[in-house]
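Values quoted throughout were computed directly from the atomic coordinates according to the rules given, and no laboratory measurement underlies them. A quick note: this is a predicted structure, and the numbers were derived from the prediction, not measured. Note: ideal-geometry Cβ built from the backbone for every residue, glycine included; neighbour counts use all protein chains shown.
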Amino acid sequence: MYSVTQKERLFECSGAVSFTVYADFNCPFCYALNERLFAMNLEHQVDFRMIQQTPDIHSGRITLELLGELTAEVAEVRNRAPSTEINVPMFRPSSAAASALVYTIGSDDLIEVVQLRRRIYRALWVDGLDISKPDTLASLLLELDIELPPLGLLSHHELTAWQSEWANNSEFNRHLPVIISEQGETLIGFPLEPELGAFLESGSLLSDTVAGDLRETQKRQRILVLDNDVQSLRMIIEQMHDVQIEVVDDFIGLIDHALNLGMPDLVIVNTELVGNINDSDWWRNWTNSDLDPAIPIIHIPANNTIEAEVAAFEMGAADIITKPFRPKLLRARLNTHLQARRSQLQVNSISHIDVMTSIYNRREFDARLLSEWGRGARSGHSLALLMIDVDKFSEFNNNHGHLRGDECLVMVAQLLGSRMQRCGDLMARYSGEVFVALLPGVDLNGALKVARECQQAIAGAKIPHSTSPVVPYVTVSIGVASMLPIYDKSCTLVVEQAEIALYQA
């Protein structure tokens, strides 16, 4: 089942220190921590105790508010660990069954439990699967060739004890992973790789300063500085609340730091050390970053002349600071930029969501359609589209009122969204009572199957519609199209084909 290489990888523990981790399958930071430990070949040093950070959570579509929070958390993981593959699931399932399964498997086979834990994490955060469903867990066991344990062996006794240990410790953050060393030192949150490596290597926090830097790191905004004299700047920034400073001394180090350790929230550069760059968008181009909103770049000009300041702005500077620094003014300016970025990230996290139905909006659909069209043209894979119209919806509004009409659309959106089984699938509100489903890599037969499932889901809900001329409950008509994307053709072709099919439905 597993190769000798895998076993050796898990048990090459010379000089290893034991650690305890309290983690939840439902937490994106816990997932990212597990991925980082695996990449660092350190997962064998850790005793994972799977708990539930929100024990009363139930599987299902999440609200707009929760989706915004989840999107922001995933964005932070991408920021701190750009190489970690992660997507935003459209639900937050209960992790109780998955935790019990992993605990039971782990009591018999350490190798299998490491593989299974990672696969369950990726099933949720990469594949977008509902890990609360027994069928999902059974398929993962089959994929890994792990024997399904008898139901009677699924123990909860020690899981309950772990849950109590975690819940009764007032120092633990409710929505972050917790790592405890044999020495009793605690690391809360998802640290950068060097910080995590140092903690796991020593088994302790080296100083109070380091401890402060490590705790709840994802809540702290990061300022990346390129300068050859940072003593005064460091002293000023370290007095700021929930901000950490990271320093490099050359341009290549600046880019490498961002690519390997995660994008910062703000960059300060000494213009002289950047070199002869005339591109105002140099940061995006060098880091291949398409983050929205853009990371503000603050320049320290070579001198205090007007010409030097103008040159800095021509290089894309969001602001300019000059030496000698005035501490109060500098902190105020940095806080303004950091607050603006925080607000922009929060707005951006929900700007692709339809406010009423909590599914994706037209803006996100248009962007994904263009992206998937290009991807399909490169790979030669089909792209399918469903255009879904709620039948006789104007009559529904006239008879039941617009408030009930809104409630109807919310229910329809949730039912349709539940039929999107793959992480790459997208359901969006197109306009009014019209929805669209984008299905990459799906041919016409596959798209027709999904369309039938959508119609059955809506019909099965039996949402009352007394004025419908067909049946006394809400139904939908669906236009289906699938085609091979072509580079020199517009992506709107598949939309037009789906519209034609809808009119004929």
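Sorted ascending by nearby beta carbons within 10 Å, beginning with the fewest, F365, F325 become F325, F365. Between the amide H of Y430 and those of F435, V436, distances stay under 5 Å, these residues lying 5 or more places away or on another chain, with hydrogens modeled in the peptide plane.
If you take the alpha carbon atoms of region 360-505 and fit the smallest convex hull around them, that volume is 97 Å³ per residue. Maximal additional length on extending the V471-D488 stretch stands at 1.7 nm, based on 0.36 nm per residue less the C-alpha distance. Multiplying the residue separation of Q456 and R375 by 0.36 nm and removing their Cα-Cα distance gives an extension gain of 26.1 nm. Rounded to 0.05, the FRET efficiency of the M411 and A39 pair, given R0 = 41 Å and the Cβ-Cβ distance, is 0.45.
Neighbour counts of C-beta atoms inside 10 Å place S468, S164 in the sequence S164, S468, starting with the fewest. When the Cα gyration tensor is reduced to axis lengths a ≥ b ≥ c, the ratio a/c stays below 1.5 for region 220-346, which is therefore classed as rounded.
The Cβ shell under 14 Å around F393 holds other residues with a net charge of -3, Lys and Arg each +1, Asp and Glu each -1.
Using the basic label-point model (7 angstrom from Cα toward the beta carbon), what is the N397 to T160 distance in nanometres? Output for this residue pair reads 5.4 nm.
Taking label points 7 Å from Cα along the Cα-to-Cβ direction, I500 and D256 give a separation of 5.6 nm.
For a paramagnetic label modelled on R404 (point 7 Å from Cα along Cα→Cβ), amide N atoms under 17 Å away belong, within region 468-496, to 468-475.
Under a Cβ-Cβ cut-off of 15 Å, what is the net charge of the residues other than N303 that fall near it, where Lys and Arg count +1 and Asp and Glu count -1? Spelling it out: positives minus negatives among the neighbours equals -4.
Other residues within the sphere of radius under 10 Å centred on the Cβ of L416, judged by their own Cβ, net out at +1 (K and R +1, D and E -1). Full extension of the chain between H241 and S139 gives 32.1 nm of extra length, using 0.36 nm per residue less the Cα-Cα distance.
By the count of other C-beta atoms within 10 Å, a proxy for reagent exposure, T287, T467 are ordered fewest to most as T467, T287.
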